[in-house]
Amino acid sequence: MPRIPMQPLLAITITLLVLVGSLWVIDPSGGFFSLFPGALAKESYQYASKPMGWNGPAGQCVVCHNLEKGDSYRVGPNLWGIVGAPKGGSKGFGYSHALATAGGVWTEQDLDRYLSNPTQFLPGTSKTISGLNSQERTKIIAFLAKLKD
């Protein structure tokens with residue numbers, strides 16, 4: 001009787017089990033098995049709890065930034081106390097060279113120009129944002145100005 005090597009069959013079997021297992025998970029809302037629950041998840045399952053500012057003017061900022069005092073970084077630095085803070089001054093965050101060497105402090109006018117067109121205000125920045133009109137920027141900056149002791 002010919003001997004079939006077990007290692008390739010075992011590797012194929014494990015790979016299939018991992019792939020199939022990653023597609024089928026328990027849906028937290030109903031307890032039933034569902035396919036690709038991430039695509040079907042309701043808003044309440046995107047975060048363990050809604051981040052501070054989620055329902056406010058800075059709702060789109062919380063995707064990348066924390067707004068609570070002392071919280072950790074996300075993709076971007078924490079924005080607590082940003083108005084009046086040194087540009088590129090949050091310790092431990094990996095700023096782009098342009099922002100790390102910009103100097104000065106964030107004023108409301110600087111934030112407005114930065115949020116209007118980051119690469120025009122500070123060439124070489126890694127900030128990408130678009131589509132904010134002047135009214136939205138004004139509301140966001142007024143909200144950020146309140147985040148201080």
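The numbers here are math on the coordinates, done by the rules we state, and not lab data. Here the structure is a predicted model, which is why all the values come from computation and not from measurement. FYI the Cβ positions are ideal-geometry reconstructions off the backbone, even for glycines, and counts take in every protein chain you see.
Estimated at 0.36 nm per residue, the fully extended path between residue 74 and residue 109 surpasses their Cα-Cα distance by 10.1 nm.
Modelled label positions at residue 145 and residue 93, each set 7 Å beyond Cα in the direction of Cβ, lie 2.0 nm from each other.
Amide H contacts of residue 105: 87, each under 5 Å away and 5 or more positions distant or on a separate chain (H built 1.01 Å from N in the peptide plane; Pro and chain starts excluded). Put simply, region 61-145 fits an ellipsoid with semi-axes of 17, 16, 12 Å; these come from the alpha carbon gyration tensor as the roots of five times its eigenvalues, largest first. The modelled label-to-label distance for the pair residue 120/residue 138, using points 7 Å beyond Cα in the direction of Cβ, is 1.9 nm. Evaluating 6.51 cos²θ - 1.76 cosθ + 1.60 at θ = phi - 60° for every residue in region 99-112, the Karplus couplings come out as 6, 5, 10, 5, x, x, 10, 6, 9, 4, 5, 5, 4, 4 Hz, glycine and proline recorded as x.
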